[in-house]
Amino acid sequence: MTRQPDRGALLSVDDLVVQYRRPGAPPTRAVAGVSLEVRAGEVVGLVGESGCGKSTLARAVCGLTPSEEGSISFDGTPVRPLGVRRRDPALTSIQMVFQDPYGSLNPRRRVGAQIADGIRTAAGRGEDVDGATPEDLLTRVGLPADAATRYAQEFSGGQRQRIAIARALAARPRLLVADEPISALDASAQLHVARLMRSLAVESGAGLLFISHDLSVVRLIADRIAVMYLGQIVETGITAEVWDNPRHPYTQALLAAIPQPDGAGLLPAELPGDIPDPAAPPSGCRFHPRCPRAFDGCDREVPLLSDDGVACRLYPAAA
Amino acid sequence: MTTTETPEEAGGGTAAADSGIAAADSGTAANEGGIAATGGGTAEKGAAVLEISGLTLDLPAEDGTKRILHGVDLTLRPGRIHGLAGESGSGKTMTGFAVLGLLPPGARTTGRIAFEGTDLLTLPPRQLGALRGRAVSMMFQDPSTSLHPMLTIGRQLTDHLRHHLKLDRKAARARAAELLGQVRIPNPLEALGRYPHQFSGGMRQRIAIAIALACEPKVLIADEPTTALDVTVQAGVLRLLRGLCDDLGLAVLLVTHDLGVMSAIADEVSVMRHGRVVETGPRGRVLTEPHHEYTRTLLDALPGRSTV
Amino acid sequence: MRLNLLRRLPRAWRRPLAVCGGLVAAGWLVVVLAAPLLAPHDPLAQDLPRLASPGAGHWFGTDELGRDVLSRVLYGARMSIPLALLLVTLSLLIGGLLGACAGFFGRWVDETVMRVADLVFAFPTVILAMVVAAALGASLENAVLAVLVVAWPSYARVTRGLVMGLRNREFVLSGRLLGFSAWHSLRVDVLPNVLGPLLVLATLDIGTATLLLSGLSFLGLGAKPPTAEWGAMVASGTQQFDMWWMGVFPGLAILTVVLAFNFLGDALRDALDPSTARTIGAEKERVA
């Protein structure tokens with residue numbers, strides 16, 4: 001958190017705090033001091049369990065949720081929350097793909113018209129969109145060109161998600177934020193869509209912030225991975241390194257809990273306890289009540305994310 | 001250490017059913033003879049408790065009828081978990097519904113679903129209703145929709161017990177607390193007075209299991225029981241299901257698209273596609289040496305496999 | 001959606017009540033258009049025997065001024081039904097727009113619109129309409145205004161609810177992320193998706209509006225004599241209690257219009273709502 005923002009970063013989130021207010025209760029810090037960078041052409045996987053604040057972070061990055069403290073800047077432009085007026089054209093280079101493929105397309109408009117919105121957005125930003133057509137984009141995401149004349153409900157979940165991706169891509173994003181884009185899809189479609197997102201982002205030189213609770217998919221498509229727990233990033237690093245050598249006890253627990261389809265009948269390891277209420281997070285390290293390796297002091301000292309990307313007192317080198 | 005699964009844990013994982021289950025089990029002596037718990041992952045086979053043979057299902061569609069199941073054969077045995085894999089639309093959920101007689105109106109079935117020799121398909125609705133819940137029970141993917149949000153857990157459990165087992169208020173309450181203990185809900189007596197929203201997703205799914213087990217069914221149909229849960233929570237629920245199956249001699253039909261889940265707790269695996277069972281066999285064999293092309297495709301589509 | 005609608009419509013339509021409603025409503029619309037051709041007499045001419053009971057030459061009898069009740073009922077449709085349609089359209093537009101703004105923009109817009117709506121809701125509908133009509137003076141135009149005042153809030157409330165549900169749907173947000181202004185988003189993404197339920201409400205409301213308008217005329221706050229208007233006709237019928245035909249026939253006219261549009265609205269709702277449509281299908285299959 002004390003690190004200097006990376007100069008080459010496309011998106012830099014610095015010490016971001018996002019709160020939700022409920023009447024008659026203290027505000028809930030869904031995101032409690034997160035710093036994160038995404039560079040152009042880089043795929044960053046953000047993983048964590050439900051309620052850890054990863055979707056809130058995604059929404060804040062897109063300006064859909066106002067932040068309390070800290071800053072989000074996209075290519076030097078601060079990201080401001082969306083109001084009644086049009087979005088700042090500079091920010092339309094950030095596009096988002098949502099979780100629910102059934103909710104992400106307007107059921108009353110033809111698919112082609114919705115993708116054309118994206119092309120207009122790119123044109124409005126002064127990009128050269130000569131010859132870009134909804135049909136081309138549909139072909140790029142692996143759908144037949146004649147899909148443009150049909151309505152969203154004529155497609156399956158996986159196909160709709162591809163259409164949503166085509167729509168986001170049409171706007172020529174430089175940063176694509178994907179919030180659980182595959183969790184509502186069929187197992188067979190999940191990997192295809194995830195791979196497609198990676199290749200399309202990397203091809204166009206855009207950054208991709210891929211949010212998912214499915215570590216095995218993130219592992220395949222992300223260059224870098226960030227693990228979130230209860231509103232904070234507990235570990236971050238090169239995907240393969242984190243996968244092979246997880247350091248934070250939470251990352252270790254997450255990886256151990258994935259059942260492997262090896263036919264061996266191994267029961268995955270269980271992480272006892274529930275995620276605490278984000279409105280009343282535990283003192284010290286937020287993971288300490290469930291941590292199998294907690295020791296004296298974990299309930300008092302707040303570990304900060306070290307330069308080598310882990311927020312845990314087991315690794316004092318960071319201090 | 002939770003980082004890696006040690007061989008001892010793995011091997012004994014099912015048989016060494018954690019003390020929590022073992023303790024709770026003492027209360028369920030109601031599991032009268034006839035069912036011998038087969039224990040762990042042995043290949044020993046008991047008598048079939050539920051036998052589905054040649055099951056076809058037609059549902060009314062816009063233009064006439066649509067065949068959903070094309071002759072499904074499945075055998076469930078006590079103390080065994082039978083995994084049913086396949087993509088959405090393959091008919092795996094409908095197979096579960098057919099066993100419970102929970103088919104949409106207008107559905108037509110042929111074939112046979114024999115529960116201890118009685119064909120459920122030809123059973124009059126009244127008797128089927130009596131059997132449902134007591135002999136065959138079901139749990140669903142999303143515990144937040146299968147529990148009534150406005151009733152306490154205790155009320156939901158005791159209503160069920162009093163209706164089906166005709167227990168009096170006091171006995172029902174005692175049994176309810178015992179059931180919650182069995183699914184390892186902390187402080188069962190106190191939990192009875194709480195509402196579903198006061199529990200986490202994993203705890204709610206445990207409660208759903210408790211309700212499903214309330215009438216001591218011999219068959220449990222678990223439709224994507226952990227799909228809505230996070231991995232760390234899923235691990236606990238899988239462990240619980242495996243333990244209950246071993247301890248109570250329950251026959252479980254585990255419907256899931258997740259082959260990892262399947263690999264963790266199923267004894268036998270059937271793979272469905274377009275309303276047909278394309279492959280059935282012991283878990284280890286099906287997942288490592290699939291015979292059918294489609295099973296291979298499913299396995300290849302998995303993130304874990306494609307790079308290794 | 002459009003395709004599905006076409007496919008579902010016939011199924012919802014096949015119910016006897018829906019067919020009845022459709023036929024009766026269509027019949028009344030024909031009457032509205034062709035009343036001069038259908039009516040055997042001039043509705044205002046006082047040239048028939050007074051208070052004649054129904055019989056040949058005057059099937060519905062005549063009133064105290066010797067006017068043909070049948071002709072007056074037919075001409076009355078030209079008053080009540082177009083006005084009810086106009087009224088419902090206006091309330092739909094006003095209520096819908098206010099409700100959509102309240103739901104979409106929230107904050108003070110929502111507070112203002114919904115508090116005014118609450119204020120209207122707090123009064124009994126008929127009494128408030130009476131007060132407004134009385135304050136404006138008795139005329140059919142003022143009666144329409146009065147009913148409008150009490151009718152828009154229900155549209156506003158329903159629209160607001162629907163819009164609030166849609167406001168945070170993914171396709172609305174992704175439109176905003178593509179640079180749609182709030183207004184554009186409201187027009188393109190939100191409103192087309194609330195139109196269906198609103199049309200159902202409006203259809204159901206046509207009957208209610210007819211009833212309210214006739215009610216005001218019945219109380220002398222609407223149409224002035226000698227206009228042929230159902231409510232006013234029922235009122236004069238009550239003056240001549242023995243001459244049952246004077247009140248019964250216009251009363252039946254009101255009744256059939258209200259029922260017809262209610263059945264029509266129900267059928268439309270079933271056609272648009274997949275969940276109820278399925279139930280109808282199931283019912284049919286169980287019967288078959």
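Coordinate-derived values only; no laboratory data. From a predicted model like this one, the values you see are computed outputs, not experimental measurements. All Cβ positions, glycine included, derive from the backbone under ideal geometry; neighbour counts span all protein chains shown.
Structural remarks
- For the range A:1-116, the Stokes-Einstein estimate of translational diffusion at 37 °C and a viscosity of 0.692 mPa s comes to 207 µm²/s, using the Kirkwood hydrodynamic radius over alpha-carbon pairs.
- Per-residue Cβ neighbour rank within 10 angstrom, fewest leading, C:Trp244, C:Trp108: C:Trp108, C:Trp244
- All other residues whose Cβ lies under 12 angstrom from that of C:Leu83 are scored, Lys and Arg at +1 and Asp and Glu at -1, for a net of -1.
- Once the mean of 1/r is taken over each pair of separate Cα atoms and inverted, the range B:176-308 shows a Kirkwood hydrodynamic radius of 16.2 Å.
- Principal-axis analysis of the Cα atoms of chain C puts helix C:125-136 at an angle of about 70° to the longest axis.
- Positive-end residue of C:Ala18, C:Val31, C:Ile127, charge dipole of chain C with Cβ unit charges: C:Ala18
- The modelled label-to-label distance between A:Ser50 and B:Arg126, using points 7 Å beyond Cα along the C-beta direction, is 4.2 nm.
- Highest-MSF residue in chain A out of A:Arg110, A:Arg224, A:Arg172 [GNM, Cα springs under 10 Å]: A:Arg110
- The protein assembly as shown - mean residue ellipticity at 222 nm from DSSP helices (-39,500 (n - 2.57) per run, n ≥ 4, rounded to 500): -14500 deg cm²/dmol
- Between helix C:140-167 and chain C there is an angle of about 20 degrees, using the helix long axis and the longest principal axis of the Cα atoms.
- Charged-residue dipole, Cβ positions (Lys, Arg, Asp, Glu), the protein assembly as shown about Cα centre, Debye nearest 20: 1580
- Rounded FRET efficiency, nearest 0.05, which uses the C-beta distance separating B:Asp63 from A:Asp299 and R0 of 45 Å: 0.10
- GNM flexibility winner over chain C from C:Gly27, C:Gly207, C:Gly103 (Cα, springs under 10 Å): C:Gly27
- Neighbour cut-off at most 15 other Cβ (10 Å), DSSP loop, GluC sites (Glu not before Pro), the range C:84-175: none
- Inter-probe distance in nm under a simple model that places probes 7 Å from Cα toward Cβ, at A:Glu154 and C:Leu199: 2.0
- Tail weight of P(r) past 18 Å, computed on alpha-carbon pairs of the range A:98-220, percent: 49
- Counting every other Cβ atom within 10 Å of each residue's Cβ, A:Ile163, C:Ile94 order from fewest to most as C:Ile94, A:Ile163.
- Footprinting exposure proxy ranking of C:Thr238, B:Thr56, B:Thr158, B:Thr280, fewest other C-beta atoms within 10 angstrom first, gives C:Thr238, B:Thr56, B:Thr280, B:Thr158.
- Remark on chain C: Rg and Dmax equal 22.1, 74 Å (Cα only).
- Sorted largest first, extent of the protein assembly as shown alpha carbons per principal axis (Å): 108, 72, 53
- Viscosity 0.692 mPa s, temperature 37 °C, Stokes-Einstein D of chain A from Kirkwood C-alpha radius, µm²/s: 160
- Projecting the Cα atoms of A:Leu314, A:Gln232, A:Ala253 onto the dipole axis of chain A, where Lys and Arg carry +1 and Asp and Glu carry -1 at the beta carbon, places A:Gln232 farthest toward the positive end.
- For the range A:92-145, alpha-carbon Rg relative to the globular expectation (2.2 N^0.38 Å, N residues): 1.19
- Taken residue by residue and averaged, Cβ atoms of other chains lying within 10 Å of the Cβ of B:137-149 number 0.
- Across the range C:56-171, the volume of the C-alpha convex hull divided among the residues equals 136 Å³ per residue.
- Degrees between helix A:111-124 axis and first principal axis of chain A (Cα, 0 to 90, nearest 10): 80
- Tensor-based shape of the range B:145-197 (alpha-carbon gyration tensor, a/c under 1.5 rounded, otherwise prolate or oblate): oblate
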